[in-house]
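The values are calculated or read from the model by the stated rules, or taken from the named source; none is laboratory data. Computed from a predicted model, the values in this text were never measured in an experiment. For neighbour counting, all protein chains shown are included, and Cβ atoms are generated from backbone atoms with ideal geometry for every residue, glycine included.
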Amino acid sequence: MFKYAAPKNFYDLAGRLTPWGAALTAALLLAGLYLGLFVAPPDYQQGESVRIMFVHVPSAWMSMFVYVLMAGAGAVALIWNIKLAEVLVRACAPIGASFTLLALVTGSLWGKPMWGAWWVWDARLTSELILLFLYIGIMALQASIDDPRRAARAAAILVLVGVVNIPVIHFSVEWWNTLHQPASVSRIGRPAIHPSILAPLLVMTAAFKVYFLTVVLMRMRTELLEREKHTAWVEEEVGRT
Amino acid sequence: MTDAPSPSLPAAVLCLIRRDLTVALRRSADVLTPLIFFAIVTSLFPLAVGPEPALLRALAPGVLWVAALLAAMLSLNRLFSNDHADGTLEQLLLAPHPLTVLVLAKTLAHWLLTGLPLVLISPLLALQLQLPTAAMGALALSLLLGTPVLSLVGGIGAALTLGLRGGGVLVSLLVLPLYTPVLIFGAGAVSGAVTGLDTEAHFSLLGAFLVLALSFAPWAAASALRVSLD
C-alpha cells in the first residue's frame with residue numbers, strides 16, 4: 001500500500017487505472033443518459049425539465065464531495081508532508097470548480113421554466129455560488145505562487161479555512177433567506193422518489209464519481225511529471241515516449 | 001551579544017501593539033486612506049441611485065456594510081507587508097513566543113487602526129444616508145462586533161498572499177467569499193433595527209463569529225506566515 005506513495009509507483013499505477021476508469025465512465029454515462037432521457041417518465045409537474053436533474057444533482061453533490069476530499073488531502077499534506085496529497089489538492093481544484101459551475105448552469109437552465117427566472121437568491125444557489133468563488137480563490141492562489149511546495153501548502157491552508165467556513169456560510173445564507181422573507185419560490189414538494197427517477201440519478205452519480213477519479217488521476221500524473229522533472233524516472237519516462 | 005532575558009509574553013504583546021500603532025501613526029496618511037475610501041464609497045451611492053430618502057434608507061445598511069467590508073479589505077496588505085519588507089516579520093518568527101499570539105497582537109493593532117475608526121465615523125455617514133437615529137446603535141454595535149472578524153479573517157488572506165505579485169487583487173478573491181456571513185448578519189442587524197425587528201439573533205451570531213475567528217484565525221494566519229516565509 002505504502003509502495004504507491006512513491007511518485008514513480010503512483011504514476012505507473014495511475015497510468016494503468018486510467019483506461020479502465022475512462023471505459024467505466026463511458027459505460028455508466030451512456031447507461032445513465034439512456035435511463036434518464038428515454039426510460040424515466042416526464043414528471044407530472046415539471047414535465048421534461050426534470051431530466052436536467054440527472055446532471056444537476058450529481059454535479060452539485062460532486063462539487064461538495066470534491067471540496068471535502070480536497071480538504072482531507074490538504075490536512076494530510078500539512079500534517080504529514082506527503083507530496084502525493086499536495087498533488088491531489090492541486091489536481092482537485094479545477095475539477096471541483098467545473099462541477100460547481102455545471103451545477104449552477106444546469107440549475108439556472110432548470111430554474112427558468114420552473115421558477116420563471118434564471119437566477120433566484122435561494123439559499124442553495126447562493127452557497128453554491130460562494131463555493132465557486134472559494135474554488136476560484138484556491139486556483140488563483142496556486143497560480144500566483146511559483147514554488148510548487150509553497151503553492152501547495154498555502155492552498156492547503158486556504159482549503160482548510162474554507163472547509164470550516166462552508167457550514168457557516170451555508171447556514172448564514174439559509175437563515176438570511178428565511179429571516180429576510182418567507183421563501184417566495186417554494187421548492188416543489190418532495191414525494192418519495194420513484195425508482196424510475198432514482199435509478200438514472202444513481203447511475204449518473206456513479207458515472208460522475210468515476211469520471212472524477214479518472215480525470216483526477218490523469219491530472220495528478222501530469223502534475224507529478226512536472227514536479228519531478230529533474231529526477232531520473234521522469235527523464236526515462238519522457239524519453240521513452 | 002548579550003544574553004538579555006527575553007521579555008515575558010504579555011510584555012512582548014504590549015510592545016508589539018505599541019510599536020505597530022506608533023509606526024502607523026507616524027504615517028498617518030495610511031491610517032486615513034481606508035476611512036476616506038469608506039466615506040467616498042458611501043457618498044457615491046446616492047449619486048448612483050438618486051437622492052430619494054426612502055430609497056436611501058432602505059439601502060443604507062447594505063451600502064454601509066459593503067463599504068466597510070471593502071475599506072477593511074483595502075487595508076489588509078498593510079498588516080504584514082511592511083514588516084515583511086524590512087525583515088521585522090522574520091524576527092517575529094524567530095522570537096521565543098508563540099507566533100499565534102504575536103499574530104493576534106498584530107491583528108488587534110490593525111483593527112485599532114482600521115476597524116475602530118470605521119465604527120466611529122459610521123454614524124456620520126449613516127446620517128447622510130438617512131438612516132433613522134434609532135438604528136445608529138445597531139449599526140455601531142454590528143460594526144464593532146463585525147470589523148474584528150474582518151481583520152482576523154483578512155489576516156489569513158494577507159499572510160497567504162505575502163510578497164506575491166498581484167497580492168492586492170488576489171487577497172480580495174480569497175477573503176471576500178469568507179466575509180459573506182459577517183456581511184449577512186451585520187447588514188441584517190441594521191435592517192432589522194430600521195424596521196423595528198428583534199435583532200438579538202443577529203448580534204448573537206456576530207458575536208459567535210467573533211469568538212470563532214478569535215480562536216481559529218490567528219492560528220491559520222500564523223501557519224500561513226510560516227509557509228510564506230519558508
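So B:THR100 fits all but one of (1) away from chain A (no Cβ under 14 Å); (2) within 18 Å of the chain's Cα centre (by Cα); (3) among the hydroxyl-bearing types (Ser, Thr, Tyr); what number is the exception?
(1)
So which residues in the range B:186-198 are part of a helix (DSSP H, G or I) and more than 7 Å from chain A (Cβ to nearest Cβ)?
B:GLY186, B:ALA187, B:ALA189, B:VAL190, B:SER191, B:GLY192, B:ALA193, B:VAL194, B:THR195 - these are the residues of the range B:186-198 that are part of a helix (DSSP H, G or I) and more than 7 Å from chain A (Cβ to nearest Cβ).
For the range A:44-60, name all the residues that are in contact (Cβ under 8 Å) with a residue 60 or more places away in the chain, crowded, with 16+ Cβ neighbours inside 10 Å and either farther than 24 Å from A:LEU132 by Cα or of a type outside the set (Ser, Thr, Tyr) (or both).
A:SER49, A:VAL50, A:MET53, A:PHE54, A:VAL55, A:VAL57, A:PRO58, A:ALA60
Quick check on the range A:173-190: of everything there that is facing another protein chain (nearest Cβ under 9 Å) and within 30 Å of A:VAL50 (Cβ to Cβ), which residue is modelled with the lowest pLDDT?
Out of the qualifying residues, it is A:HIS180.
Taking the condition of being without any contact (Cβ under 8 Å) to a residue 12 or more places away in the chain and of a type in the set (A, V, I, L, M), how many residues in the range A:1-26 meet it?
Residues flagged as without any contact (Cβ under 8 Å) to a residue 12 or more places away in the chain and of a type in the set (A, V, I, L, M) within the range A:1-26 amount to 5.
Filter the range A:72-84 for residues that are surrounded by fewer than 21 Cβ atoms within 10 Å (Cβ to Cβ) and either of a type outside the set (D, E, K, R) or within 17 Å of the chain's Cα centre (by Cα) (or both) and give the result.
If the condition is that a residue be surrounded by fewer than 21 Cβ atoms within 10 Å (Cβ to Cβ) and either of a type outside the set (D, E, K, R) or within 17 Å of the chain's Cα centre (by Cα) (or both), then A:GLY72, A:ALA75, A:VAL76, A:LEU78, A:ILE79, A:TRP80, A:ASN81, A:ILE82, A:LEU84 are the ones that fit.
Please tell me if B:VAL169 is more than 8 Å from chain A (Cβ to nearest Cβ) and in contact (Cβ under 8 Å) with a residue 12 or more places away in the chain.
no
Can you confirm whether the range A:90-103 contains a residue that is in contact (Cβ under 8 Å) with a residue 40 or more places away in the chain and closer than 14 Å to A:ALA207 by Cβ?
Yes: one or more hits.
Of the numbered conditions (1) small (Gly, Ala, Ser); (2) farther than 24 Å from A:ILE157 by Cα; (3) within 20 Å of the chain's Cα centre (by Cα), A:GLY36 fails exactly one; give the number of that condition.
Unmet condition: (3).
Which of the residues belonging to the range B:143-166 are hydroxyl-bearing (Ser, Thr, Tyr) and either out of contact with any helix residue (DSSP H, G or I) (no Cβ under 9 Å at 6 or more places or on another chain) or within 10 Å of chain A (Cβ to nearest Cβ) (or both)?
B:THR161
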